[in-house]
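Heads up, the thing below is written out as C-alpha cells.
The values are calculated or read from the model by the stated rules, or taken from the named source; none is laboratory data. Please read all numbers here as calculations on a predicted model, not as lab measurements. All Cβ positions, glycine included, derive from the backbone under ideal geometry; neighbour counts span all protein chains shown. Just the protein is used for accessible areas: all its heavy atoms, side chains included, with ligands, DNA and RNA removed. Shrake-Rupley method; radii C 1.70, N 1.55, O 1.52, S 1.80 Å.
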Amino acid sequence: MEERPLHPDRLLPADPAARRLARELYQSVEALPIISPHGHTDPRWWGENPAFTDPAALFVTPDHYVTRMMVSQGVSFEALGIGAGREKDPRKIWQTFADHYYLYAGTPSRIWVDDALARLFGVTERLGPDTAMDIYDRIAERLPQDDTRPRALFDRFGIEVIATTDSALDDLAWHQAARDSGWTGRVVPTYRPDAVIDPDAPDFTRNLERLAQVSGCDTSTYDGYLDAHRARRRAFIEMGATATDHGHPTPLTADLPLGEARALYARVRSGKMAAQDAELFRAQMLTEMARMSLEDGLVMQLHSGSLRGHSAEVQAAYGPDRGFDIPVPVSFPVALRPLLNAVGMDPRLTLILFTLDETTYARELAPLAGVWPCLRLGPPWWFHDSFEGMRRFREMAMETAGIYNTVGFNDDTRALCSIPARHDVARRVDSGWLAEMVLTHRLDEAEAYEIAPLLAHGLAKAAYRL
Amino acid sequence: MEERPLHPDRLLPADPAARRLARELYQSVEALPIISPHGHTDPRWWGENPAFTDPAALFVTPDHYVTRMMVSQGVSFEALGIGAGREKDPRKIWQTFADHYYLYAGTPSRIWVDDALARLFGVTERLGPDTAMDIYDRIAERLPQDDTRPRALFDRFGIEVIATTDSALDDLAWHQAARDSGWTGRVVPTYRPDAVIDPDAPDFTRNLERLAQVSGCDTSTYDGYLDAHRARRRAFIEMGATATDHGHPTPLTADLPLGEARALYARVRSGKMAAQDAELFRAQMLTEMARMSLEDGLVMQLHSGSLRGHSAEVQAAYGPDRGFDIPVPVSFPVALRPLLNAVGMDPRLTLILFTLDETTYARELAPLAGVWPCLRLGPPWWFHDSFEGMRRFREMAMETAGIYNTVGFNDDTRALCSIPARHDVARRVDSGWLAEMVLTHRLDEAEAYEIAPLLAHGLAKAAYRL
Amino acid sequence: MEERPLHPDRLLPADPAARRLARELYQSVEALPIISPHGHTDPRWWGENPAFTDPAALFVTPDHYVTRMMVSQGVSFEALGIGAGREKDPRKIWQTFADHYYLYAGTPSRIWVDDALARLFGVTERLGPDTAMDIYDRIAERLPQDDTRPRALFDRFGIEVIATTDSALDDLAWHQAARDSGWTGRVVPTYRPDAVIDPDAPDFTRNLERLAQVSGCDTSTYDGYLDAHRARRRAFIEMGATATDHGHPTPLTADLPLGEARALYARVRSGKMAAQDAELFRAQMLTEMARMSLEDGLVMQLHSGSLRGHSAEVQAAYGPDRGFDIPVPVSFPVALRPLLNAVGMDPRLTLILFTLDETTYARELAPLAGVWPCLRLGPPWWFHDSFEGMRRFREMAMETAGIYNTVGFNDDTRALCSIPARHDVARRVDSGWLAEMVLTHRLDEAEAYEIAPLLAHGLAKAAYRL
C-alpha cells in the first residue's frame, strides 16, 4: 500500500462495493461550495486580509486541538509558544510539533493538518523530525504571497458563506471593514451574548454597562436590558447575521413570570445572587432569546455541556481555550421543557441543539427533534467532529430524528486552514454512510444522490436561513 | 441497482460472505410463526373482527411514529386527522402523508409501511405525491374484503399467539367475545395496572373505586387493595393472560414494612400525598406485583424511562400518545435492589426489563440479567425497535447477558399491519448479527442455526410462558 | 465451515482484505512476551508453586464470570461447589458446567475456556454434556505434572512480568518465598490499600490497628496514618511493586486543608462518622496517594463505579465476588478535579483510569487523558474485557485521547489459565482495529506495524514503569 498523507479514498468504507458507491457519491458533492454557518474565524482576517506570519502561528500555537495533545504527553505550553516565558522562535515551535507528530496517529487533527499541508502548500510527505525544517521553509515561503491571505483562501476553499461568532458587545468593525473594502465574499456575524447573559462570566456587571453604551438602552432595568438585546440583534442582522449562538454550561431553560424575571435580573445585576440565580438567569434568557427569534427571525443555536477551565493553574497561567474544557453529562428533556412549552410549537422558531454527550443522541435528541417543529440537530461537535463521531451520530440519531431534522455540517473552527479538510471529512463520512444505507437497502440509490448534496450543502443553507 | 421498496436482501449485511450466510439463516426462520407477547392491538379487532375504514385511518392518524415526523416538519395535527378542527377527508390526509413520505428516508417507519403496502396490498412502487391517489384506491378497494379483516390478517401474518395490553379495570369483554365467537386464534390479555397503581394517573381515586367494583374487593384498605389486584390477575389469567406489564416513569422499587405500606396507601388514596409518595407507592407496588407473580405465575414486564406529554399544549389539545413522550436517563441497579433483594432469587419469578436508555445495556442490564435468576432482557424498545437499535442491543448486551437471558422480539405496536414487518426486521437483523458472529468465529455455524429460531420464536414463547 | 473451538482467524475482521492485513499484524505480535501489570493471581502460586487440584477448582468454582451465568439460569451456587451445603465431587461440578456450556455462546468466557482447554490440555472438541467426563479426565491427568504448575505456566505463557494485587496489610510472604526459592520469574506486588482507606470496609478500625503493627507507625493520628502508608509503600517497592491500585465506589477526590483532613480522620477512625464522611475520606485519600506517588514513583490506578454485593442474600451466604457486583453510572470531570488541580500537572505522576461506564470514554475520559499530563486510560475493564468492549473503547476513545495516552492491556484475572487467552483476544481485536484504520487510510500501514507491538507490549511496560 502506498503511504502518503492523502489517499484519494481516505475515510471511505473498506468494503469494495461500499467504497465504489461511496466514492461516486463523494465525487458528486466534493466540489460543492462550503456553507460554514458556525465557526470562530477571526473577523479581522476578513476585514483586513492580513498575511499569516509563520507556520507555527498558523498551525500550532492557537489550535487547542493540537497543543492539548502535546501537553498530555509532557510538552510545556511554553515550548508551544504560550505563556510568559514562551518560546519565541517559530522554527523551534514547529520542530517540537514535528517531533511529536506521531502522537496524532488516528486523530482528526492529523487528518486536518495533513490535508491543509497538501492542499495549500503541496506538502505530501509525512511531517516528522526529519522533514520539519524543509516543510517549514516551504510554508513560510508561501505565507506572504497574496494567494495565501484569508480572502484568497476563502475563494480557494470554495466558501459560499461563512459566519463568525461575535460578542454581543462587539462593534462588528471588521465586518464593516470587509463590506467597505468592496470585497464580495459573504461573511456574516453571529450574535453570541454569553458575556451579558451569564452572571458567572468575567466582568459581567461591567459588560452590562458596556451593553448599555453599545445599544443605547438603559440596562439598569430588565425591560431595558431586553431592549438592549433587541437592539444589538438588529445591528447584527443589519450586518448579515442570521443566527444567535449560546454557550451554556447546561441546557436548562426557564420561563418565569415577568415579575420574578425582573427581580432575578435585579439580583444578578447587583451581584447579590442566591445560589442558583446564575443558572436560573441563563435559563430564563434562553427562553427570552427564543421569543426574540420569533420576532426577528434569527436562528438559535445552543452549545451546552462543557466544563470550562478544568485546570485552575492552566487557566490562570495560559488563559482559556487551552484544551482543558471537558464535557460533562447533560440531559435535555426536562431542561428544555420550559422554553419548548413557551414557544416550541411556533413555526417561526428554529433551535439547533449541539451536544458533547453522545448518550443524548438516541435517547433524547432524536426523539425531541423528531417531534418538536422548532428543533433541529446540530452536527457532531468538537471532540465528536471526527470519523467515528460522525458515524455514531448517523447511526444513533437518524432513524428517529430523520435526515431532514438535521442541519448539515459545521466546521466550528478558528483554524482557517482546516476548514476545507473538515468539510471534506464530513462529505466522505456521509458518503460512506449513505453507501452502506443503500447496500443494505435502507435507502434507494437515487435517494442517496438526492440526500448527499443536502448533507453537504443544502440543509445548512436552509436551516440557517442563509 | 434495482430500486423498489422491498429488496429480498434488505437489512442483511453488505459484505458478500456475511450476506450469503445471513440470508440462509434468515430463510431458516423467515416463516416461523409470530409470537407477539407484548403489544397494543385493539381487543375489539379480535372480538368483533371489523373491517378497517380507510387507508389514512389504517396507516396514518393513529400511528404516532408516523404523525410525529410530519409534525416535526411543520405539518399540523389537524391535517393528519387529529384534533377539533381536523381534516375529515381521508384522501386528503393520505395525500399529505404521501407528500411528506420522503421524510421517512432511513427510518423504521418507512420499512414498516413499505413492507405492509407490498405484503398486504401488492404495492411495490414508492409512495409519493404522484402515486398517492392510485395507492389509496388500491388499498381502499381491499379494506372491505374479508381477507383484510383483523382475524384474516392474524392468519395471513402467521401469528401463533398475540397479547394485548389491558387496564386492570378492563372487563375483557372483547377477549370474551373472541372466545365466544368460536374463532380459534389465540389472543391473550396482559395485566397492566398503571391506572390503579400510579397516584399521578388521571382519576386515580376514582379508579380505585372502579377497581373495587370490578374486583369485588374493598379497596379502602391496603390489604383489600392488594386482594383486588389478586382477583383481577386471576380474571386475566382465566382469559389466558401469562404476563403483567408496568409502565413507570422510573424503575424505582421499594419494599416497605407492612405498616408503612398501609400508611402510604392511605395517603395516596386520600390524595393527601407528601412530595415523594407517588413515586414511592409505584415503587412499593412493583415489589408487591413481583410477590403476586410468585403465587400466580404471571411474568412481569417493566417499561420505564419515558417522560410523557412533553408538550403540555399538545397533550391538552390532541391527547396522549402523539409522539411527545421523550426518554430520560434511567439507572437500574440501585432502583431495582429492593425488589430483587426481596424476591429476586426465587425461581418462580421472571421479570423482563425494557429500557429507552441504551447506556444501561452494557453498564447495568447485561450484568444484572447475567446473574439474577429472575431477570431477562426485553428486546430494543420503541425508538430502538430499528436496525441500528437492534444491532446496538446485540453488540452491547450479549457478551455479558448471554443469549439465553433475552426474550426474543416484541412488536409493541398498535399498528396491526406493521406486525409482520417488525418481526421480519428483527429476524433479518438477528440473522445478520449471527452471520457476523460465525464469520469472526465467535459462534459455530451449527450453533447459529440453533440460535436463530430461538431469537425468532422460542425464547419469547418460553420467557412469556406461552 | 470447519467447526472447532479455536479457529486461527478467530476475532479477526470478516472482510477478506481487512482479515489479511489483520492476520499479518497479529502474527507480528502474537508471540510477544506478556506484560500483566494488573491482575489477581494468588501470590501463593508463585511462592509455593503448588499443583492445581482438579478441573472444577481450576475452571469453575472460583471464576465469577463462569458461575454467575449458570446462576442466572437457575443453577444453585451449591451445585457449583460454593456455600455450606456445596457439592464436593469435582466431577459433578464439571458435569454441571458442561451441561450449561451452551449458555456461554458469544461470551468472552467461552473464548477464554476454549482457548485454555486447547492451549494447555489439547482439548479441541466442544465441551458439552457428552464430552464432559472425557475432557475432565484428560485435564485431571495433567494437573499433577510439573509442566502444569504455576511457574511452568508462567514460562509456557511467555510472561515477562506479572503483578499481583495485595492488601496494604499483606506481609508479602509469598512474594518473599518466590524470591527466596531462587525462581527467576518476575512477579511483583501492587499496593491496594482499600481495606485501610475505606471506612465502609469490614473491620476498618481493626485494620487501622493492624496497619500500625505492620508498618510500625502510630495510626492514631492522621500524620502517623499517612506515614504508615509511606512505610507500606516502601515495603511494596522493595518487593518490586511499581504501582498502587484503588477500588472505590466512585472516582470522587478531595483536597482538604490539613486541619480538616485530620479532623475527618479522627471521625472515621472513631466510627463517629457523619453521613458523607466515608466518601469524603476515600476522596481525600486518593489525593494523598497521588502526592505520595510524586515522592516514591508508584503508578496509581483507579478502578471505580461498581456497586458491590447487589444481593444481600448472596453476599451473606456465599461471600463477595460471586458475580453480584453491578456497575453504576459514574462521571469523572468534577470528581477528579480536586486531585488533578493539586498534582495533575506534575510530570512525576501517572494516574491510570478504568471505567465500567462506557459513556465516559468519549465524553470524559478521552478529553481528560488527551490534555492532563498525568492521566492515562486503562484498557476495557471487567465486563468490557471482550471483543465488542475493546472495539468500543478503540472507536470511542482513540480519536480524542490518542493511542499514546493508553496503557495496553490488563488481564485483571484470578483465572490463571485464562491469561494467555485474554492477551490473545486483545492482540487479535487490536490487529483488526489497526487493519481497518489502515484500509480506511486513517493510519499508514508502516505505522500500524509500529503501533501493534506497543498495544501488545510496549505501552504497558512503559506506563507501569516495569
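Seen from all sides and averaged, what is the projected area of the convex hull of the Cα atoms in the range B:52-148, in nm²?
Result: a mean projected hull area of 5.8 nm².
In the protein assembly as shown, with Lys and Arg counted as +1 and Asp and Glu as -1 at Cβ, which of these residues, B:A98, A:P108, B:H229, has the Cα nearest the positive end of the dipole, that is, farthest along it?
B:H229
Give me the mean projected area, in nm² to one decimal, of the convex hull enclosing the Cα positions of the range B:114-209.
Averaged projected area of the range B:114-209's Cα convex hull equals 9.4 nm².
Given a 1.4 Å probe, how much area per residue of the range A:254-315 is accessible, in Å²?
38
Please compute one quarter of the surface area of the Cα convex hull for chain A and express it in square nanometres. All intermediate terms of the calculation are to be shown ahead of the outcome.
On the way: hull surface 88.7 nm².
So the Cα hull casts an average projection of 22.2 nm².
Using alpha carbons only, how many angstrom separate the centre of the range B:258-325 from the centre of the range B:447-466?
Centre-to-centre (Cα) distance: 31 Å.
Amide H of C:A201 versus every other amide H placed in the peptide plane: which residues, excluding those fewer than 5 positions away on the same chain, fall under 5 Å?
none
What total accessible area, in Å², is buried where chains C and B meet, using a 1.4 Å probe and rounding to the nearest 100?
Numbers: alone 19110 and 19100 Å², together 34310 Å².
Chain pair C/B: roughly 3900 Å² of buried accessible area.
For helix C:16-29, what angle does its Cα long axis make with the longest principal axis of chain C, in degrees from 0 to 90 and rounded to 10?
60
I want the local charge near C:P420. Using Cβ-Cβ distances under 13 Å, sum +1 for each Lys or Arg and -1 for each Asp or Glu among the other residues.
Within the 13 Å Cβ shell, the charges total -2.
Can you list the residues in the range B:369-389 whose accessible area drops by at least 10 Å² when all protein chains are present, compared with the chain alone? Use a 1.4 Å probe, heavy atoms only.
B:G370, B:V371, B:W372, B:P373, B:R376, B:F383, B:H384, B:S386, B:F387, B:E388
Hey, for B:R210 with labels 7 Å out along Cα-Cβ, what do the inter-copy distances come to in nm, ordered shortest first?
6.2, 6.2
Could you order A:H384, C:H441 by accessible surface area, starting with the largest, using a probe radius of 1.4 Å?
C:H441, A:H384
Could you tell me the relative contact order of chain C? Use alpha-carbon pairs under 8 Å, at least six residues apart, and round to a whole percent. Mind dumping the intermediate values first?
Details: 798 pairs, mean separation 93.1, N = 466.
Worked out over chain C, it gives 20 percent.
Can you tell me the orientation of helix A:277-296 relative to chain A, as the angle in degrees between its alpha-carbon axis and the longest Cα principal axis, to the nearest 10?
The two axes meet at around 80 degrees.
What number comes out for accessible area per residue over the range A:52-146 if the probe is 1.4 Å? Units Å², please.
Here the residues of the range A:52-146 average 36 Å² of exposed surface.
Mind listing, in residue-number order, the residues in the range B:327-343 that have at least 10 Å² less accessible area with every protein chain present than in their own chain alone (1.4 Å probe)?
B:P327, B:V328, B:P329, B:S331, B:P333, B:V334, B:R337, B:N341
Which residue of chain B is nearest the rotation axis onto chain A, counting by its Cβ, and what is the distance in whole Å?
B:T359, 3
List the distances, in nm and shortest first, from the label point of A:G158 to the matching label points in every other copy, placing each point 7 Å from Cα along the Cα-to-Cβ direction.
Ordered by distance, the counterparts are at 4.9, 4.9 nm.
Roughly to the nearest percent, how much of the accessible area of the protein assembly as shown is carbon and sulfur, given a 1.4 Å probe?
C and S fraction of accessible area: 50 percent.
Please work out whether the protein assembly as shown counts as rounded, prolate or oblate from its C-alpha gyration tensor, where a ≥ b ≥ c are the square roots of the eigenvalues and a/c under 1.5 means rounded, while otherwise a/b larger than b/c means prolate and anything else oblate? List each step's numbers first, then the result.
Details: a/c = 1.33, a/b = 1.00, b/c = 1.33.
The shape class here is rounded.
Quick one: label points 7 angstrom along Cα→Cβ at A:A51, distances to the other copies in nm, smallest first?
A:A51 label point versus its equivalents elsewhere: 8.4, 8.4 nm.
Report the relative contact order of the range C:53-147, percent, no decimals, based on alpha-carbon pairs under 8 angstrom and at least 6 residues apart.
About 29 percent, as a whole number.
On a 0 to 90 degree scale, rounded to 10, what angle separates helix C:333-343 from the longest Cα axis of chain C?
With rounding to tens, the tilt is 60 degrees.
Can you compute the helix-only [θ] at 222 nm over chain B? Use -39500 (n - 2.57) per DSSP H run of at least 4 residues, normalise by all residues, nearest 500 deg cm²/dmol.
-14000 deg cm²/dmol
Hey, can you find the accessible area per residue of the range B:333-410 for me, probe 1.4 Å, expressed in square angstrom?
17
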